[in-house]
1. I'd like to know if region A:228-250 contains one or more residues that are assigned to a helix (DSSP H, G or I), at pLDDT 90 or above and within 16 Å of ligand 1 (Cβ to nearest atom).
2. Which one of A:84, A:24, A:46 is aromatic (Phe, Trp, Tyr) and away from ligand 1 (no atom under 12 Å from the Cβ)?
3. For region B:72-95, which positions are charged (D, E, K, R), surrounded by fewer than 22 Cβ atoms within 10 Å (Cβ to Cβ) and in contact (Cβ under 8 Å) with a residue 40 or more places away in the chain?
4. Taking into account only those residues within region A:76-88 that are without any contact (Cβ under 8 Å) to a residue 60 or more places away in the chain and at the interface with chain B (Cβ under 7 Å from one of its Cβ atoms), which is farthest from residue A:162 (Cα to Cα)?
5. Quick check on region A:151-160. Is at least one of its residues buried (at least 20 other Cβ atoms within 10 Å of the Cβ) and away from chain B (no Cβ under 14 Å)?
6. Among the residues of region B:217-230, write down those that are assigned to a helix (DSSP H, G or I) and surrounded by 17 or more Cβ atoms within 10 Å (Cβ to Cβ).
7. Could you pull out the residue among A:34, A:89, A:11, A:62 that is closer than 27 Å to residue A:184 by Cα, in contact with a helix residue (DSSP H, G or I) (Cβ under 7 Å, 6 or more places away or on another chain) and near ligand 1 (Cβ under 9 Å from one of its atoms)?
8. Would it be correct to say that residue A:13 is of a type in the set (Phe, Trp, Tyr) and over 15 Å from the mean Cα position of the chain (by Cα)?
Amino acid sequence: MALLSVRDVTLRFGGIVALDGVSFDVEEGQISGLIGPNGAGKTTAFNVITRLYKPDSGAVELDGASLLKVSPHVIIRKGIARTFQNIQLFRTMSVLENVLIGAHTLGRKVSEDEAFRVLDVVGLRERAYFPAAALPYGIQKRVELARALVSKPRLLLLDEPAGGLNHEEVGELGTFIRKLRDDFELTVLLVEHHMNLVMSISDHVNVLSFGRKIADGSPEQVQADPAVIEAYLGTDDAAPPPASPEQAGPAAQEPAADEPPSEERA
Amino acid sequence: MTPREKRIAGFVAFGALVVAVAVFPAFVSDFKAREWAYVGIYLIALLGLNMLTGYTGQISLGHGAFMAIGGYTTAILMAGNEQFGGPISGGMKDIYTLPLAGLVAGAVGLAFGLPALRLSGLYLALATFAVAVAMPSTARRFAEWTGGGQGIQLSGLPELTGGSVEDVDILGLSLSPNRWLYYLSWSIALVAYAVAWLVLRGRTGRAFRAVRDSETAAISSGVSLARYKTLAFGISAAFAGVAGGLFALGTASVSPDVFPITLSIFLLVGVVVGGLGGLSGLVFGAIVITFLPLWAQGQDLGSLLPQGIVEETQKPGGSSIVFGVVLILLMFVLPNGVSGLFRRAGQAIAKRRYARSE
Ligand SMILES: Nc1ncnc2c1ncn2[C@@H]1O[C@H](COP(=O)(O)OP(=O)(O)O)[C@@H](O)[C@H]1O
Ligand SMILES: [Mg+2]
């Protein structure tokens, strides 16, 4: 059975159908990509899974148990942690305090040691007492990641973790996410515009466009799918994914990721 | 600053405050000591409101009402309300009523916090202000409990320590009523300061600030907004209730006029001037809201302001104009309040360290 199962989820905002009967599974231990042009509904899907949004219809299950009855603040206790496309740090707090909030559900005693442990993992121990808001953008993303990791999640949702990184850093991030998956025994659902990154580390990829799932499969299958190529060509905010893995060299990139992600909607 | 340095700085600041409070009356007149007792009383209320507005980010323009609830609780427990046809016979010694004043106000605060969960920003400000506005007429309406517009007199009651005219003998000292009020208020204020510090320094305080900084990230980190917002409302109302009880002892009476609508506004001003979020600046905030209105009454601003406005300030109630002008100036000079000044110094130190460690 899949760890996470999204079934026929529909969510409308007024006239906009942000998610239109979307279904996909995330298998335990895998890195699962979720891609699609801007406004496709990826962040909305994250918000539904973490219960920030309530879908109009459909089901979301973790290990076969419905998440829709779970209060949003209890989601993390179920083992789901996330990062945000537009950084949501606690801006008046230090790096350490941010991570300690991530450990809120772990109770009092263990949390400080745990926080330092994950700060080591993301390489921010030296910055523990630094005000989080004063750090560069890319480092703030690492604080968010540490905050998500400290709760020891089973499922980690990453919303455009490569935003604001340069090419070299994006490459390192791919290796890092894999290592996290192995070391923390995670399942990862990854939303990302950097096709190289998604295609090189994902075991499985789901593609959304205008709120519908238009394809899913291995990275190779998805990149060869005419519907996917069509969806990316039909918009000008992101280049199409490379048609084959061979073409997925460092030169293949897309412009959307270079602009700083601004708002939750695209 | 590291937590260790912060803790040390906190202890030093608190120790200095304790010493200053203890010796201060030796240097001022008996009457001045009474004014400074009110600084302590306001400080208690500000410590509570700061937890709600400063730390948790929930604005309240109604905390004067929670003070009133505390004040009436104290007065009713001391004097009873049988004389108005109410059910309570009174007779409780003044200082014993104060914890109950806190409990009653805290319970009302918790109850109010629940519906307030659905409100934020301006709407919460309006809803809490509505409570402040409704308070005087509510007190008049339930006259058999509150004595209506006349209120409840405490002066001369045996339950009021010293009856507010005789010297008070305590711990081998003989204190004038004014000094007694001073030491009572400040002892409780210092305890309140320590309690606030303990609540805010750990997991609870962090959760409060998480709610203020990003509700979205707080929820996703497992912080229940409902729990922490109502908790903040409850604790802050309890602090206001204790302050209100002391206020009643200070004025030796309660009535709708003792807790006017402006009290709520003053409290919010005190928290803003003190600097939303820190504790140390609140002492300054309490000083400002105690003395600025008094000082403003006696000011001739002829050389500073246009003649028309000066005439306005000389009319009854005109001192609030002076009060307002000075407040606006303060906001310009200290946009983040007095604690903000301390915080900026702390951040400058942190930045230098970051630069060095690069
Ligand atoms: N809170 C919201 N209110 C109204 N519309 C929203 C909201 N969140 C998302 N949307 C809309 O839903 C669609 C999907 O947005 P989003 O999930 O952010 O896309 P993506 O993350 O794939 O770029 C967009 O049309 C967006 O404008
Ligand atoms: Mg998005």
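The values are calculated or read from the model by the stated rules, or taken from the named source; none is laboratory data. Small disclaimer: the values here were computed from a predicted structure and weren't measured. As a convention, Cβ positions derive from the backbone with ideal geometry for all residues, glycine included, and neighbour counts pool all protein chains shown.
1. So far as region A:228-250 goes, yes, one or more of its residues are assigned to a helix (DSSP H, G or I), at pLDDT 90 or above and within 16 Å of ligand 1 (Cβ to nearest atom).
2. Details: A:84 fails: away from ligand 1 (no atom under 12 Å from the Cβ); A:46 fails: away from ligand 1 (no atom under 12 Å from the Cβ).
After applying the criteria, what remains is A:24.
3. Of all residues in region B:72-95, those charged (D, E, K, R) come to B:82, B:93-94.
Next cut, surrounded by fewer than 22 Cβ atoms within 10 Å (Cβ to Cβ) only: B:82, B:93.
The one that is charged (D, E, K, R), surrounded by fewer than 22 Cβ atoms within 10 Å (Cβ to Cβ) and in contact (Cβ under 8 Å) with a residue 40 or more places away in the chain: B:93.
4. A:77
5. Residues of region A:151-160 buried (at least 20 other Cβ atoms within 10 Å of the Cβ): A:151, A:153, A:155-160.
The next check asks that each one be away from chain B (no Cβ under 14 Å); those that pass are A:160.
Yes, some residue in region A:151-160 is buried (at least 20 other Cβ atoms within 10 Å of the Cβ) and away from chain B (no Cβ under 14 Å).
6. Step one: filter region B:217-230 for residues assigned to a helix (DSSP H, G or I), giving B:217-220, B:225-230.
Selection gives B:217, B:218, B:219, B:220, B:225, B:228, B:229, B:230.
7. From the options A:34, A:89, A:11, A:62, the qualifying one is A:34.
8. On the way: of a type in the set (Phe, Trp, Tyr): yes; over 15 Å from the mean Cα position of the chain (by Cα): yes.
Considered against the rule, which asks whether it is of a type in the set (Phe, Trp, Tyr) and over 15 Å from the mean Cα position of the chain (by Cα), residue A:13 comes out as yes.
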